[in-house]
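Q: Provided herewith is a single structure, encoded as structure tokens, for subsequent inquiry.
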Amino acid sequence: MAAEVLRPRGVPLSKSSFYDPTRDFNCLDGSGSVPFTYVNDDYCDCQDGSDEPGTAACPNGFFHCTNSGHMPLTLPSSRVNDGVCDCCDTSDEYASGVNCVDVCRELGRAAREEAARQKEEMARGYHLRQEMVEDGKKRKKEAETKIEELRKEKEEAEAIKTEKEEAKKIVEEPEKEALERYRVVEEERKATEETEKKFKEEEAAREAFQHLDNDGDGVLTLQELRSRQTFDTNRDGQVTEEEARFYLGQEDTMSLETFLTSGWAMMRPVYLLDKRMFTPPSSTPTPEIPEELAPPPPPMYDEEEEGEEDAEDYDPEDGKDEDDDDDDDEVRREEEEEEEEPKYDEETQRLVDAANEARQEFDEADRRVRDLTRELKSLEEAQGKDYGYQEEFRAMEGQCFEFSDREYIYRLCPFDKAIQKPKSGHGETRLGQWGDWTGPENNKYSRQLYSNGQACWNGPTRSADVHISCGTEGRITGVSEPNRCEYVFLFTSPAACTSPEDSREEEEEEGDVAGEADRHTEL
């Protein structure tokens, strides 16, 4: 059995040597000394209050509860005899008259049971940690092997890409020359067609001008247009001066030159439509006709001399004349010939096909190199991360954990990101990207920082501070926001569990402190 140590009320065992009843008491701050009988006399003699450890006389003093059977406790002296039972052994209320009950044995038993439960959980967690260590080391080794394989594959793929690029250049040169020749020929053909087309259009315009110029003087007049039912746009039986002036560009007359440059574009639609010949081309803008001059649906036959000639060829069954059918058939034949005609000649097409095949092979080789580069970069970045002293945290890479409160769902993906999602609504808020370990020097792997999240409105960028403690599973146990846009995640993982031997010294120290109560006898 441990020897009893005599000391005044409220003095911890560690300071009992300073309280020797056989000599004067020296204040612990060195401010003076008093007879030992002044200790706990309910009067504060020392500036640091060390002469009154068991009373409330000194405002800056402390009272020590021995709490036999449980953990000792140190209180401010102001709580001594204040009517509240602070010490489980009731030693702080020795003169207040309050009926305190000593519950240290019960609390000690509950604390020991909780400590035993935690010890058992820590032992299970440590066992799981060892499995995570083995898994982490295995993954690291596999990643190293995979990196070496990918480097070799990338080297081979780059060689193939270079080979395909050279082959592509070889076949692209004759293709380029052939296409250039074809381009020149095609441009000349189109230029010729455009010239012929413009010539035909101008010939048609001149023919129409001559047809409309009744007196052949080279000038179209209001009277000449009013004599043509063609320009009776509202089909009221007569061509008004306003209708005729519209087609003359709001002038009284129009010369051949003006007719060719702008007048024909105005008159052509109604002129050809009236002759059952007009098909609106996409390249010819339709003139904007005032609403009051807009023509009604065209009649089935003309009312004047042109109508008599067209009526002879008119087919009442389909509303078309014979000339229209011939024109439509010719257009269809031309379109079919254009569709069937190959774009290039046989030799040029062969060169284009060879170049296309070479380009496709090069693209596939290039895509392979890019895919390998991306995969290799991802693995190398992962290998550069700190997964703990023994790779124990590596197993959490690629996993995500969720926690829900009343408003939000929080997700933590270790070594990647932390996000927040509202329960009602869509979208998510990035709280931070993986940053680094930020634990203290003696426990570096107890905290992680995820920084550079989305910016708060008129505030800083969001961040998440993850506090990691020992547990038998990876789990978020709580999330809070102690400061604006700064989040704290509480996370448990077997990777944070230490060996039972590592915590034995702490338990022995706590046992020694608890045991002091059994060796305490007050003076």
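The values are calculated or read from the model by the stated rules, or taken from the named source; none is laboratory data. Every value quoted in this text rests on a predicted model; they were computed, and no experiment measured them. FYI the Cβ positions are ideal-geometry reconstructions off the backbone, even for glycines, and counts take in every protein chain you see. Areas reflect the complete protein model, heavy atoms only, side chains present, ligands, DNA and RNA absent. Shrake-Rupley method; radii C 1.70, N 1.55, O 1.52, S 1.80 Å.
Q: Name every residue in region 426-460 that is of a type in the set (A, V, I, L, M, F, W, C), in contact (Cβ under 8 Å) with a residue 24 or more places away in the chain and not in a strand (DSSP E or B), in order of residue number.
A: C456
Q: Sticking with this structure for a sec: Within region 39-51, can you find the residues that are surrounded by 16 or more Cβ atoms within 10 Å (Cβ to Cβ) and not acidic (D, E)?
A: Scanning region 39-51 gives V39, N40, C44, C46, G49, S50.
Q: Inspect region 438-457 for any residue being over 30 Å from T498 (Cβ atoms) and β-branched (V, I, T) and give the result as yes or no.
A: No: zero hits.
Q: Any idea which residue in region 216-249 is farthest from the chain's Cα centre (by Cα), counting only those that are within 15 Å of R268 (Cα to Cα) and open to solvent by 30 Å² or more (accessible area, probe 1.4 Å)?
A: Result: Q229.
Q: Between residues in region 366-382 that are among the β-branched types (V, I, T) and residues that are surrounded by 12 or more Cβ atoms within 10 Å (Cβ to Cβ) and part of a helix (DSSP H, G or I), which pairs lie under 7 Å by C-beta distance while being six or more apart or on different chains?
A: Once the first residue is among the β-branched types (V, I, T) and sits in region 366-382, its partners that are surrounded by 12 or more Cβ atoms within 10 Å (Cβ to Cβ) and part of a helix (DSSP H, G or I) give V369/K154; V369/A157; V369/E158; V369/K161; T373/K154.
Q: Filter region 52-93 down to the residues that are farther than 15 Å from R105 by Cβ, part of a loop (DSSP other than H, G, I, E, B) and open to solvent by less than 20 Å² (accessible area, probe 1.4 Å) and list them by number.
A: If the condition is that a residue be farther than 15 Å from R105 by Cβ, part of a loop (DSSP other than H, G, I, E, B) and open to solvent by less than 20 Å² (accessible area, probe 1.4 Å), then E52, P53, G54, T55, C58, G61, V80 are the ones that fit.
Q: Tell me the residue from K197, K154 that is basic (K, R) and in contact (Cβ under 8 Å) with a residue 12 or more places away in the chain, please.
A: Residue meeting the stated conditions: K154.
Q: Same structure again: Among the residues of region 394-416, is there at least one that is open to solvent by less than 70 Å² (accessible area, probe 1.4 Å), among the small types (G, A, S) and in contact with an Asp or Glu (Cβ under 9 Å, 6 or more places away or on another chain)?
A: Checked region 394-416: at least one residue is open to solvent by less than 70 Å² (accessible area, probe 1.4 Å), among the small types (G, A, S) and in contact with an Asp or Glu (Cβ under 9 Å, 6 or more places away or on another chain).
Q: Within region 454-473, take every residue that is over 19 Å from D405 (Cβ atoms), small (G, A, S) and open to solvent by 10 Å² or more (accessible area, probe 1.4 Å) and give me the one that is nearest to the chain's Cα centre (by Cα).
A: Filtering region 454-473 for residues that are over 19 Å from D405 (Cβ atoms), small (G, A, S) and open to solvent by 10 Å² or more (accessible area, probe 1.4 Å), the one nearest to the chain's Cα centre (by Cα) comes out as A455.
Q: To continue, here is another question. Residue by residue through region 427-453, note down the ones that are in contact with a Lys or Arg (Cβ under 6 Å, 6 or more places away or on another chain) and open to solvent by 50 Å² or more (accessible area, probe 1.4 Å).
A: Of everything in region 427-453, those that are in contact with a Lys or Arg (Cβ under 6 Å, 6 or more places away or on another chain) and open to solvent by 50 Å² or more (accessible area, probe 1.4 Å) turn out to be E428, Q433, T438.
Q: Shifting gears a bit: Can you name every residue in region 179-215 that is in contact with a helix residue (DSSP H, G or I) (Cβ under 7 Å, 6 or more places away or on another chain) and open to solvent by less than 40 Å² (accessible area, probe 1.4 Å)?
A: Hits for region 179-215 are A205, A208, F209, L212, D213.
Q: Sticking with this structure for a sec: Against the conditions (1) more than 21 Å from the chain's Cα centre (by Cα); (2) exposed (fewer than 15 other Cβ atoms within 10 Å of the Cβ); (3) not hydroxyl-bearing (S, T, Y), where does C497 fall short? Just the number, please.
A: Result: C497 fails condition (2) only.
Q: Only one residue in E347, E375, E364, E357 is within 30 Å of G474 (Cβ to Cβ) and either part of a helix (DSSP H, G or I) or among the polar types (S, T, N, Q) (or both). Which one?
A: E375
Q: Scanning for something open to solvent by less than 20 Å² (accessible area, probe 1.4 Å) and touching a Phe, Trp or Tyr at 6+ places or on another chain (Cβ under 9 Å), does region 371-388 turn up at least one residue?
A: Checking region 371-388: at least one residue is open to solvent by less than 20 Å² (accessible area, probe 1.4 Å) and touching a Phe, Trp or Tyr at 6+ places or on another chain (Cβ under 9 Å).
Q: Buried (at least 16 other Cβ atoms within 10 Å of the Cβ) and part of a helix (DSSP H, G or I): which single residue out of K168, K119, K138 fits that description?
A: K168
Q: Next question, about the same structure. I'm trying to understand the selection: among the residues of region 253-274, which are of a type in the set (A, V, I, L, M) and in contact with a strand residue (DSSP E or B) (Cβ under 6 Å, 6 or more places away or on another chain)?
A: Scanning region 253-274 gives a single hit, M254.
Q: Any idea which of D45, D20, D29, D41 is more than 30 Å from L107 (Cα to Cα), acidic (D, E) and touching a Phe, Trp or Tyr at 6+ places or on another chain (Cβ under 6 Å)?
A: Going through D45, D20, D29, D41 in turn, just one is more than 30 Å from L107 (Cα to Cα), acidic (D, E) and touching a Phe, Trp or Tyr at 6+ places or on another chain (Cβ under 6 Å): D45.
Q: OK, next. Among the residues of region 333-360 satisfying the criterion of being at pLDDT 90 or above and basic (K, R), which is surrounded by the fewest Cβ atoms within 10 Å (Cβ to Cβ)?
A: R350
Q: Looking at region 94-116, which of its residues are open to solvent by less than 60 Å² (accessible area, probe 1.4 Å), under 24 Å from L75 (Cα atoms) and of a type in the set (G, A, S)?
A: S96, G108, A110, A111, A115
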